[in-house]
Structure formats: C-alpha cells, structure tokens
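Since every read-out is calculated from the coordinates, none of them should be taken as a lab result. Only a predicted model underlies this, so the values are computations on that prediction, with no experimental measurement involved. Glycine also receives a Cβ, built like all others from the backbone with ideal geometry; neighbour counts cover every protein chain displayed.
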C-alpha cells in the first residue's frame, strides 16, 4: 500500500484543527442539573440490567467505558461526551469519503464540532449522540467496503437509539443499493437489523406503535369530524372518499416530513421553546445556510448533469435519500420531539455545508471578494460558538433551564449521604422526573425497600410517619415548619435543611424526625 | 402536433379557449359559496365596504374627507383603490358578503389568465422553449392552472383582501410591458396598471418598483451594457412609460415619506425590532441578560432577521405550517399542497440545468421581489404580504414541468406520468376544496369575527326602543362599530355627525377607537356595574354576560344567544327594561 505523505500531512492538520474546535465546544458549561432520563440510563448500567434500559447500547457503554469511575454523573455522561468529541472527526472522514476533498471534510467536521444542537446533546447523557457516532462509523465502513466492521457498528447504533432503527437500516440499505453492494453486505445488514430489532422489540413497540398517531383516538375522531362537516352539507357520498385513514393519514405523514424543515426552528428555535436549548441561538448558525444550499444544489446539479461537470460518484444521490429519510421518526410519532427525532439530519447538514464551502472556494475566481465572504463565514461560526458558550454560562439561562434538568437531586443526595441507612425515608417527586433512579444512582448504598417514593398528602404523614421527608414547600402546609401547631398533630422536626434552586427559590425541604 | 398547420385564426381560438377555461375554473373556485366560506366578514372587509358605501352616497369617507387618496382606518391608513372599486357593488347590492367579496374574486380570477399570457410571452424568449410553440402553450396553460388551483391564491381571493387585487394589477401591468411587440400604447397601459397597483396594497409599493427596475435592466440595461446606447431603439417608449408611471404613482410614493407612510414603516419595519421592547422581552424570557451583553443581542437579532427571510422559502411553511394567523390559513395546511413540492423541486432542477438568460433571472428575481415587502417587516411570517411570490413560482413551475416531461423518452411513460400526476392533483384539489368550504369555514369562524352579523340583524328592529345599546369590544373582534354601521347600513352623513372617537398613540402607532354613536356605546361590559342600568340593550360575549349573573338580575332578559358553527356560544343579547 502506498502512503501519500501529502495526504497524511493534510489529515494531521485536519485532526489538529478539529481537536482545537472540539476543545472550544467542550468549554460549554454542562447542564444545570442531572436529568432523570440520564439517571435511568445510569441506574440500569449500575445494576447491569442493560436490556431493561431505554437505550441498551448506551447503558452497556457506561458499564464498559466508565464502570470504574466514582462520580455517577460523569460516569453516565461519559459515553455521550466521548462520542461528541469523536463525531466531528467521523463526520470529516465520512465527508472526505463521499466528496473526495479535505477542504469540504475540514469544514464539515468544524461545523459539526461547533453546532449548538450537537454540543447541547453531547454534553449530557443523550443516547442519540452515541448512536450517531456508531451510525457514522457504520456508513464510513460500508463506504470503505469493510462490511463486517460496518455490521458491528450498525448493530451498536440500532441498540443505542430507537430512532436509528428506522433511519439507519434505510440509509445503509440505500447506500448498498447505490454502491452496488454485494449479497454478503445485504445479509449483514439484515442480520444486524434482526438482532437489534429483537433486543429493542419492546422499546420499538412502545415508540412506533403505541405512540403512533394512527392509533390515537384523536386521529380517528378528526376524520369523523372532517366527514361530519361534509355530511351536514349534504355531501355524504363524497365524505368517506375524501376523508379516510389513507388520505388523511398520508396527508399527515407528508406534512410531518416537511414540518422539521422550518428555518425558524433551525436558526432561532423560537417555535419550539424548550428550556433545554437556548432560544434565539437556534440549532444551526444562519451563515451556514447559503453554503448548505450551494452544497445541496451542487448535489442536485451533479445528478442532473452526470459526468459533465463533476467527476464524482453515485453516493451523492444517496445523500438526498438520507435527507428524506431523516424526517421519518418524526412523521410516525404521535408527539414528535424535533430535537431528538430529527437528529439524524445533522451529519448531512454538516457535510453539505462542507461541500458548499468547497464548491464556493472553487468558484472564488469568479466572485469578487469571494475569499472575504468565506472568511466571514468562518468568523461568524466561531463567533456563534462563543455566543453559545456565553449564553450557556449565563446565570439567567442556568436559572431558566434547571427544572428541565431536574436540578436538586444532587444536592439532596449530598444531604442524605452522611445520614444513617436504617431509617424509613419518604421522598416525593417534587423535583420532577424519576426520584428512584436519581437517588439510587447518586446514593449507591441506599436500600430501596426503606424508601417510599411518589407524591404525598400531608394527612398521610400522620400514619406513615417516616423518619425523614423530602418534599417541596407546596407539599408541606404553611406554618408547620415555623410553629408545628398544625392539625393533625405531627411532632416538630428535629432538623430541617433546605435545597435551593439557582434562582434562589426553595426546591425542597429535607425534614428529619428522630 | 398541436399546432402543425393551424392557421393564425385557429390559434387565436385555442388561446381563447384556454383563457376561458382558466377563467371559468378560477371563478368557480373563488365564487362558489362566497357568502358561506369564510363564515363571516372581518372588520377590515367591512371597513372597505362601508367607506365605499360612504363614498357612493356622499363622496366622502367615514371621516368626511372628500375623495381621499389615503383612508384613515383603525390603526393605520388604507390604500384607496379597493374602496373605489367596491362602490358599484355595495351601492347596487347593499353591504353583504356578495357585494364585498365579489369584486376581489372576479378581479383575482383574471390573474391565472394573465399568467398564461405572460408565460407565453416569456417562453418565446427562452432558448429551450422558443423552438416549439406547443411546449410554450403547455407550459403557459400549466402555469395558469397551478395558479387557478393554488390554495394560497384562492384563500386570498375569497374576501376583500387588497393584496389579491394588487397582484392582478401588477401582473396585468407586467404583461403589457413584456408583450412581444410592445409599442408605446402597450407600455403606457402597462405603466398605468403598475401605477394603479401602488394604490391597491401597501406591499405593492415595494415590489412594483423593484419589478419595474428589473424590467428596465432586462430589456434595456443589458443591451446598453453589451451593445451601447446607439443600439437601443425604444428609449422614447420607455421614457414615456416611466413618465406615465411617475405621474400616476408619485402621490403613492410621496405617501411613503410623509407622516402616514413613515408611521407605518417605523411601526412595522424590521429595523425597529432591534430596539423594540418585544425583542428585549423575548431575549429576557430566553434567559439572556440582554442589557448586559450586546454581542449576544446582535447575534440573536441577526439570527431572527435571517430566519424571517428564510421562512418564506422554508418547506415547513410552504407545505406544512401555513400562517400563524388563523384567518390566513386553512387548518392543517401549508400555503401550498404537499404535492406541489414535486414541481418546486422541478423548478430547482430546471434552473440548474438550463442555460439561463436574463428572463430566467427576471423570474427568479420576481420571487425575491414578492417576498421583499413581507421579509423587511418585523411580523413573524406573513402570507398576505408575500402573496406576490406565488405568481413567479407558478410561472416557473409551468416551464419546469414541461421541461421535465419532455425529458421522458417513452411516449407511453410520458402519458402515464401526466395522467397519474393530473389525477392526483385533481384529488388533492378536491380534498382542499372540501376542507376549505366546510371545515375551515366552521372551525375558523371566530377568527372571521363570526356572530356580530346575526346580532345586528336581531337588534335592527329593536335598538331604537332603548336609551343605550352597549356593544362589547372583545379583542378578537377588533372594532365592533364597523360591524354595526355596515350591517345596519347606517347613513354615512349621520354617522359622521354623531360618531364619538378616542384617538391616542400606542407603541408609535396612531390608534382611533370609536366609543359611541347616537345610543350605541362601544366599550367593555362589566356586569356588576352594568346590571344597574335601565332601558339598555347589551350585546356581549358569554364571558362578559355570564348566565349565572344574568339569572340573578331581576329585570335582565336574555333575548337571544348566538352560536359558532361548531356549537360554541359566542354572543348573548340581553335587555334590561
């Protein structure tokens, strides 16, 4: 095998640049809390019940990669953070494999490394980022004709994220189709899907069938409503022909396929106000948009004039298929979550921006001030990265987002840790999410049978009479903590400790009776 | 061959047949059940109608101004031409949905015909179409059909929307400017129509000027650039045309710079968004300490402005989301049919593949000009201000579809594709018509201020018997006085003499509220106070006139309850003797 020194040099340069950009991305502050969905993944890894985890692949990776680490939060988040560090490199290599140039690859990797959506999902335990990494490695392997390796990565991706089960087999299958994949590759894909499908069968059933909008009573009612309007007007014969499960269902699916292609959501996120993300900074930087369009039009233009302008291969058509497939998990769901369900579009976006910049640079001689425009774009993306960091670090954002991240369990665990373990506790769900998973993970020696979880009414305290109660101010009647004269008579607490939210409001009281 | 051996006269007949077919299709979709869908007339429609009524009766508007060129309205100034165009219909038929909506529906139905003629003219200048008249006819007919069946265009043709009239005037003007052998008469007529379009809608003042600039560049500018002044033969014609436009349009252009135009610009321009309290509030709620960090403010502002522009070409908005304002869109529909994505994609392919000349760029520029008035305003997304976009889109769509179908090698496959695509399109169109006519008219009735008409019809024989008639002013129903005077066809002279107004400025906008008219009072009803009134008739919502309170008031009688088409009560008419 001949090694091209120049190529190796470029690769090293690329890796160095990307490492710097990834480091810039890592400067973003972690979320203000430890979300319950993270705790569930961590807890299933802790007790080695990987198959009962919402993401068997992710929980298994926690055990495999970080089982020896002491801090449960770091342990739980490590696989996603590692995937977040590697994914820009994988994107770059994938891009290089498809478009054949380092320039496009460097830009694609850089765009991925500083992407707000990606950074935010790789700073916490989101299985999607890990699945994206396995998926990227799978496609890269398939492009390099390393079929067995590709199948392993495919299987890992599929057992990590339930959305991958719809997107990735179709993306990988279409890649094989376009690249004239051999029978053993098809068999490999089929086997990986079968194995992962069997492991994920319950999760799939829940995600795609039980939560499918086709089964929702509202969908059927809506069709009946639509028909009703026609029946009232004497259009009875046309009603079932125009409005039925097939026509309305297809219409809904089509609308949902287009729905995520909403530039407001892409650039300002204002239509989907979730405190998980910073409003107005969007999920992409708007300066990337023209280059994305140039990249997209380059692909379409190439397909329209095959062999005339570009000497590239048929993988380009596959990219368009990938774009179409990305919306599918969203289209099938009753209550879609754009940030999670549409995540598979991210590598395509980054690669097309890379291609767009590369094409633009090729035409620089034709455009006045072209290099300045390209430089401005790079500067804007870097500024965007800094804006993202500063935005995330702001106290006001941290204060706004804490409830989304179930802030407070860590603090409660700190208070509970030094206390004896032979008493009955009552812990309400005042902090939201899943207190059992949160505290079981954060307090390794806790005996679950001693703890009562769930919501509580003050009257119940009288006969439950736990040794300890963790509850919100709303759950404890006013006046009890000050005077303890309230009926029914409950003894005064021995000690009361308070956990505060970042905005200085009271999250919970930890009350002890000894 | 469609045209092989056809003599000139026969070709003229074919053009006539296509034009008539397009017009009949357009009129059918725009006029059928015009009084029932939308379910009611909005305050804006009635403002046009009552001012036209007042002009017809007295020669003055509702403020008593003689033949004005700018009509003072609720919070802004309305353009004059729609008012004048409605005079014959409201005088003849009175103020009702037919008289108010029919002029717009008929005028808008001409646009697909004009698009057909315009694509024919432009197709002759495009190398890929020039050689085959048959292809041009097909492209022009498909473009006209796309517009005739377009949900976006149909929606704003079924109501007194000024935007739709403006589109027709502008397209007609451009047609006369772009005719193959446009002489002085044609140019003057075109410029006259474009000049008049400046008086039909505020947004048209922006895109008309841009379109004229593009026309000048495409017809003359490029020739001067390439061949020099000496080769330009039609300078006289252009100068005369521009003079006509200047004379007709100068009052409208001047209005942009005077107090009224300036007020509208400053209140709705995107540039005012930067310092607006709304933007600061949004940043605050997003967790940004906006007062401390101007860098983030700048970045967020740039993101917002970019997204605002891009929203007009966003697939989500085009095919899935529609307009955030309820009355501007049909439930669960975008601006276009989802199937329209096919010809939008074909436009992209067509534009990438053909060797482009100035007329291809002209059409692409026309799309940008269409979105321009909407994109520079601070509103989130506006389907009316950007209505002009649909015209060049359908024109390019017609060209792109024929270009793509011609690439199919097999005649059988070609026929199958045309048959399947045509059948699907007709089914989708029927789906939309049924949704619009029956579902939209029922579910969005409240956004069209449904119910006041029924209330006015009920109180018409009664209101003279009471000392006071109190009409509630729920925010969704805007200015109820315009409903009262329109449905009662109040004598304009008497209205001008008796009306009581409250004028003030809010966020830089001049607001005028009508608070009273003879025995009518337009104000919020507060039952704990109002229950003590005597000889008073109340028209209010169930919230302002709760049944439990009414039952406890001894002399209050509920005369009538008015319901939305979905069965929800919307108005209550209560009398205290």
As an exercise, use a Förster radius of 22 Å and the Cβ-Cβ distance of residue B:498 and residue B:555 to find the FRET efficiency, rounded to the nearest 0.05.
0.20
Taking Cα pairs under 8 Å and at least six residues apart, what relative contact order does chain B come out at, in percent?
17 percent
If only Cα atoms are counted, what is the Rg of region A:157-263, and what is its Dmax, in Å?
19.4, 59
Isotropically averaged projected area of region B:316-394, using the convex hull of Cα atoms (one quarter of hull area), nm²:
5.5 nm²
Using only alpha-carbon positions, what ratio does the radius of gyration of region A:35-82 give when scaled by 2.2 N^0.38 Å?
0.94
Give me the distance in nm between label points sitting 7 Å out from Cα along the Cα-to-Cβ direction at residue A:293 and residue A:179, one decimal.
3.2 nm
Spherically averaged projected area in nm², based on the convex hull that wraps the Cα atoms of region B:169-262:
6.0 nm²
Rounded to two decimals, what is Rg over Rh for region A:21-161 when you use alpha-carbon atoms and the Kirkwood radius?
1.00
Cα convex hull of region A:93-231 - mean projected area over all directions, nm²
12.0 nm²
Given all pairs of distinct Cα atoms, region B:1-103 yields a Kirkwood Rh in Å of 16.2 Å
Give the span of chain B's Cα atoms along each principal axis, as three whole-Å numbers ordered largest to smallest.
85, 55, 52
Can you put A:403, B:36, B:308 in order, fewest other beta carbons within 10 Å first?
B:36, A:403, B:308
If you take the Cα Rg of region B:127-203 and divide it by 2.2 N^0.38 Å, with N the number of residues, what do you get?
1.30
Rounded to the angstrom and largest first, Cα extents along the principal axes for region A:174-221 equal 47, 24, 10
Report the percentage of all Cα-Cα pairs in region B:34-86 whose separation exceeds 18 Å, rounded to a whole percent.
28 percent
Solution diffusion estimate, µm²/s, Stokes-Einstein, region B:420-577, Kirkwood Rh from C-alpha pairs, 10 °C, viscosity 1.306 mPa s
90 µm²/s
Where a ≥ b ≥ c are root eigenvalues of the Cα gyration tensor, a/c under 1.5 meaning rounded, otherwise prolate if a/b exceeds b/c and oblate otherwise, region B:360-416 counts as prolate
Percent of alpha-carbon pairs separated by more than 14 Å within region B:449-510:
66 percent
Burial order of peptide ranges B:556-567, B:406-417 (average beta-carbon count within 10 Å, highest first):
B:556-567, B:406-417
How would you rank B:511, A:476, going from fewest to most other Cβ atoms within 10 Å of each one's own Cβ?
B:511, A:476
Most exposed first, judged by fewest Cβ atoms within 10 angstrom, B:168, B:185 run B:185, B:168
Sequence gap at least 6, Cα distance under 8 Å: using those rules, report the relative contact order of region A:43-130 to the nearest whole percent.
28 percent
Pairing the Cα long axis of helix B:259-268 with the longest principal axis of chain B, what angle in degrees results, from 0 to 90 and rounded to the nearest 10?
80 degrees
If you project the alpha carbons of region A:211-252 onto the principal axes, what extent comes out on each, in Å, largest first?
35, 16, 11
Kirkwood hydrodynamic radius over Cα pairs of region A:66-134, then Stokes diffusion coefficient at 20 °C and 1.002 mPa s, in µm²/s
171 µm²/s
For peptide B:427-438, the mean count of other chain Cβ atoms within 10 Å per residue Cβ is 4
Take every Cα-Cα pair in region A:226-271 and report what % of them are more than 17 Å apart.
54 percent
Here the equivalent ellipsoid of region B:394-492, derived from its Cα gyration tensor, has semi-axes (largest first, whole Å) of 54, 14, 11
